[in-house]
Amino acid sequence: MWSCFSYASALSNPFNHAKDEPLTTVVGVIGGGQLARMMVPPAINLGLEIRVLAENEDSSAQIAATAVGDYTDVETVLSFADGCDVITFDHEHVPAHVLAELIKRGYSVQPGPHALEFAQDKLRMRERLGELGIPVPGWAHASTAERVTDFLAEWGGRAVAKTARGGYDGKGVRVITSATEVSDWLGLLQPGESLLLEEFVEFRRELSQLIARRPSGEMALWPVVESIQADGVCSEVIAPAPHSQGKIADMAGSIASQIAAELQVTGVMAVELFETTDDRILVNELAMRPHNSGHWTQDGSTTSQFEQHLRAVLDLPLGATGLTSPFTVMVNILGGPASGDMLSPFPRAMADHPTVKIHTYGKQPRPGRKVGHVNASGDDLPEVAYQARGAAGFFQV
């Protein structure tokens with residue numbers, strides 16, 4: 001079944017497989033979350049073998065978990081990688097020394113540590129984007145209360161403080177008006193470490209530009225989308241972002257393409273953006289993996305972000321990224337049912353919203369936890385949003 005890929009790969013695959021050498025077929029994913037779980041169906045469709053190093057036995061991606069262990073332990077990761085043709089990720093938290101050892105042993109790591117460092121460390125990301133002339137909020141690093149106070153005075157008395165490493169879904173981020181509000185973080189800093197301080201950006205909305213890049217350089221952009229947050233967590237995504245055609249789409253695509261090319265990203269990357277009240281487009285965060293803002297592609301695009309990620313890390317030709325309907329709305333299921341399990345709402349949700357696609361992650365309900373999402377597509381945006389929100393609502397009561 002690989003014959004359909006062999007001809008294209010022979011033309012463009014930079015790994016230069018010998019004539020009788022098999023193409024890459026075993027993909028190892030470090031991390032057992034929902035992103036790894038959602039790579040499984042397209043892997044099956046492409047005839048790939050997918051293996052997952054999960055953090056625990058009941059991980060979201062347990063269906064493909066061939067190993068359970070600590071992704072920060074070199075020997076655990078090397079043992080998992082044995083027999084894999086390419087290693088990729090469900091998250092960006094694998095330590096640099098573990099990635100370096102994989103490279104040293106000759107494994108194909110996609111994206112590579114030279115790119116991942118900018119997703120792992122927000123200060124390094126801000127520095128590098130600044131060097132490239134990419135528009136970002138005003139920022140500085142701070143390791144003392146005095147520096148925080150000076151930054152607040154420079155930027156109108158209000159700022160956003162972030163831990164340089166870790167943090168997601170609102171964690172590791174605080175809006176501050178005084179240095180005392182980050183005194184605990186400052187007290188935990190090790191020598192040479194700093195916090196990231198950013199200007200408090202007045203924005204109209206948050207956007208996300210998804211892009212995929214393969215090692216040989218081909219890139220593919222999806223339409224820019226609008227993401228709606230609730231308590232620091234993505235709640236909804238509208239694809240495409242309303243009123244984004246033209247200048248906004250061009251700017252978002254140009255920014256993402258420059259970042260992907262300059263940082264030599266491989267796989268899918270999400271560039272989270274602010275559209276400001278003074279008409280700037282600024283980069284907020286980078287994610288070098290499939291991303292929550294791209295879940296709509298499972299049902300609203302010719303090629304989902306999960307299939308595209310697999311194509312990209314294997315250096316296969318990328319798929320088309322056009323819309324299958326004029327609009328798709330993704331609504332996250334946060335927390336899950338107050339009682340019962342995730343299966344009990346299915347009959348009512350399906351009966352009332354038969355056009356909606358429901359995706360769950362095999363997780364136990366817990367307040368604030370992402371336990372699934374729904375996608376609705378169609379011609380009329382208000383109706384599409386109504387259908388998506390209505391179906392998700394059955395899982396959040």
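Can you tell me which residue in region 302-323 is farthest from ALA239 (Cα to Cα), limited to those that are of a type in the set (S, T, N, Q) and open to solvent by less than 10 Å² (accessible area, probe 1.4 Å)? If we take residues in region 302-323 being of a type in the set (S, T, N, Q) and open to solvent by less than 10 Å² (accessible area, probe 1.4 Å), then GLN308 is farthest from ALA239 (Cα to Cα). Among strands (runs of 3 or more DSSP E) entirely within region 154-226, having at least 3 residues that are under 16 Å from the mean Cα position of the chain (by Cα) and modelled with pLDDT of 95 or more singles out 203-213. Filtered by the rule that a residue be open to solvent by 40 Å² or more (accessible area, probe 1.4 Å), without any contact (Cβ under 8 Å) to a residue 40 or more places away in the chain and either of a type in the set (A, V, I, L, M, F, W, C) or outside any strand (DSSP E or B) (or both), region 64-75 gives VAL68, ASP70, THR72, ASP73, GLU75. ALA376 falls short on exactly one of the conditions (1) out of contact with any Lys or Arg (no Cβ under 8 Å at 6 or more places or on another chain); (2) small (Gly, Ala, Ser); (3) surrounded by 18 or more Cβ atoms within 10 Å (Cβ to Cβ), and that condition is (1). The set of residues in region 79-130 being hydroxyl-bearing (Ser, Thr, Tyr), over 21 Å from the mean Cα position of the chain (by Cα) and within 20 Å of ARG311 (Cα to Cα) consists of TYR107 alone.
Apart from one condition, ARG147 fits all of (1) among the basic types (Lys, Arg); (2) part of a strand (DSSP E or B); (3) farther than 20 Å from ALA119 by Cβ; the exception is (2). Just to be sure before I move on: is LEU334 under 18 Å from THR88 (Cα atoms), in contact with a Lys or Arg (Cβ under 7 Å, 6 or more places away or on another chain) and of a type in the set (A, V, I, L, M, F, W, C) in the structure I sent? The answer is no for LEU334. Residues that are assigned to a helix (DSSP H, G or I) and surrounded by 23 or more Cβ atoms within 10 Å (Cβ to Cβ) within region 227-254 comprise just one, ALA252.
Collect the residues in region 168-206 that are within 13 Å of LEU123 (Cα to Cα) and touching a residue at least 24 places away in the same chain (Cβ under 8 Å), keeping them in residue-number order.
Going through region 168-206, the residues within 13 Å of LEU123 (Cα to Cα) turn out to be 192-198.
GLU193, SER194, LEU195, LEU196, LEU197, GLU198, listed by residue number.
For region 352-373, a residue qualifies if it is in contact with a strand residue (DSSP E or B) (Cβ under 9 Å, 6 or more places away or on another chain), open to solvent by 90 Å² or more (accessible area, probe 1.4 Å) and more than 19 Å from THR324 (Cβ to Cβ), and the qualifying residues are GLN364, PRO367. Kindly indicate the residue of region 86-144 that is assigned to a loop (DSSP other than H, G, I, E, B), hydrophobic (A, V, I, L, M, F, W, C) and within 21 Å of VAL283 (Cβ to Cβ) and also least open to solvent (accessible area, probe 1.4 Å) among those meeting that condition. Restricting to residues being assigned to a loop (DSSP other than H, G, I, E, B), hydrophobic (A, V, I, L, M, F, W, C) and within 21 Å of VAL283 (Cβ to Cβ), the top hit is ILE134.
The values are calculated or read from the model by the stated rules, or taken from the named source; none is laboratory data. As the structure is a prediction and not an experimental result, all values here were calculated from the model. Glycine also receives a Cβ, built like all others from the backbone with ideal geometry; neighbour counts cover every protein chain displayed. Heavy atoms of the whole protein, side chains included, go into the accessibility calculation; ligands, DNA and RNA do not. Shrake-Rupley method; radii C 1.70, N 1.55, O 1.52, S 1.80 Å.
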